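First up is the structure itself, then whatever we jot down about it.
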Amino acid sequence: MERPDTTLAPLDGGRAELVLGRYMLERRIGAGGFGVVWRAYDEKLERDVAVKIVPGGDGDPERSRVEREALAAARLNHPGIVALYEMGSDEHEVYLVSELVRGATLQELSREGAVSDRDVARIGAALCQALDHAHARGVIHRDVKPANVMVLAEPAAGAGFAKLTDFGIAQLCTGDTLTAPGDVVGTLAYMAPEQAEGRRVTPACDVYSLALTLYEAWTGSNPVRGGSPAATARRLGRALPPLCGRRPDLPPALGEALDAALDPEPDFRPEPAQLGDILHGAQAALSDEGGLVEPETIERFGLTAVRPRTRVRTLLHRRERDRGIEGEETPRVLSVLGARLAAGLAAGLLVCAALASLGPAPPFSPAAGGGAAALLVALLPRVGWIACVLAVCAWLA
């Protein structure tokens, strides 16, 4: 299986642009709600870098966010965290210059089935080390999720296997409060319950988000994510289905550790180092089918094109409606059925009343006509209502 073409657009008109007097922008490699990321060339040190450009003048909230990201990243120096080189600004924009990571996000690789069970454990162990480093320096990420995990195309000795990116909403554990009490920032589907409720954010929030990220990578679904933000919010704080219930082939100790990391109560979750030790120890017992990066890997503008082998894994194949928290679909089915029955009853009563009091007497009893209308609307709501209205109008005409 080949990765899709991930070549991204050059600058408008094919022109290069120099920013901060030394970084030549070459290709756009990412974009989001907080800015655009470019692959660039550092003309002074002669190396490739990534430049995040965020619009924002003095006093703009976005400028404060970027400055916070820089402050958080500046505290950190770890192979599992994307390194920040420089922050600069002009009248209209702020620039963050960081190392260029050659790889793909865990989100992209998981969608293609390009991660094996052992890969997931290795990624998790690397991220546990990164979080342990960040927490020890007073930095809480607050937005750990597959899209913020970069898996390296060619891990070098001592360079780690995966890197955590985007500290834009990180919280610095200092005397200064960066967010007001009750503020909620992060991605809802990966957010710890206490974080979603606006309670005090602690390192345990990152542990929960990481565990949910790994849970999704191993099972193929996020049990918290619903069909809408409201549905997702309703699932927050519930006890999630045990990992080994979805993947009974995984080592029991691994399942127990991840279940503990997903405990709704933050005090019961393990420390990143504890979870990392279990993930590291479980790797030998996990399958390595599929692999992340094949020898014929092709790098494209900072991203990686991967041709992984077909991943062989023992997943519990469920229909899409069965994924998520068990029992969630039953109330939904009952509510839909109840609504159809109510609509059918209303249609039947209206048709019966119309036939009994308006126009000539029908060749059948009004009750029979009402019953037929009720059945039709209950089975085919839209078509049924239209048919009933047309039939009554035709009879009265």
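Using each residue's phi in the range 86-101, evaluate 6.51 cos²θ - 1.76 cosθ + 1.60 at θ = phi - 60° and report the 3J(HN,Hα) Karplus result to the nearest Hz, with x for Gly and Pro.
6, 10, x, 7, 10, 5, 10, 9, 10, 10, 10, 10, 9, 5, 8, 8
To the nearest Å, what is the center-to-center distance of the range 216-292 and the range 77-141, using C-alpha atoms only?
Here the answer is 20 Å between Cα centres.
On full extension of the chain, what length is gained from A387 through Q107, given 0.36 nm per residue of separation minus the C-alpha to C-alpha distance?
96.0 nm
Could you tell me the relative contact order of the range 12-99? Use alpha-carbon pairs under 8 Å, at least six residues apart, and round to a whole percent.
That works out to 22 percent.
Order these by the 10 Å Cβ neighbour count, fewest first: I53, I123.
I53, I123
List the lysines whose alpha-carbon lies under 25 Å from that of K44, not counting same-chain residues fewer than 8 positions away?
Candidates past the 8-residue exclusion: K52.
Estimate the FRET efficiency between M24 and A339 by the formula 1/(1 + (r/R0)^6), using the beta-carbon distance for r and 45 Å for R0, to the nearest 0.05.
0.15
What residues qualify as long-range amide H neighbours of W38, i.e. H under 5 Å apart, gap of 5 or more or another chain, H built at 1.01 Å from N?
Amide H to amide H, under 5 Å and 5 or more residues apart or across chains, W38 pairs with I29, V51, K52, I53.
With 10 angstrom as the radius, rank H280, H141, H135, H92 by how many other C-beta atoms surround their C-beta, starting from the fewest.
So the ranking, lowest neighbour count to highest, is H92, H280, H135, H141.
If the cut-off is a Cα-Cα distance under 16 Å, which lysines reach K145, setting aside same-chain residues fewer than 8 apart in sequence?
Cross-link targets: K163.
What ranking do Y95, Y215 get, fewest neighbouring Cβ atoms within 10 angstrom at the top?
Y95, Y215
What is the range 332-396's relative contact order, in percent, from Cα pairs under 8 angstrom and six or more apart in sequence?
39
Values in this text are rule-based calculations from the coordinates and carry no lab data. Please read these numbers as outputs of a predicted model, since none were measured by experiment. With ideal geometry, Cβ positions are generated from the backbone for all residues, glycine too; neighbour counts draw on all protein chains shown.
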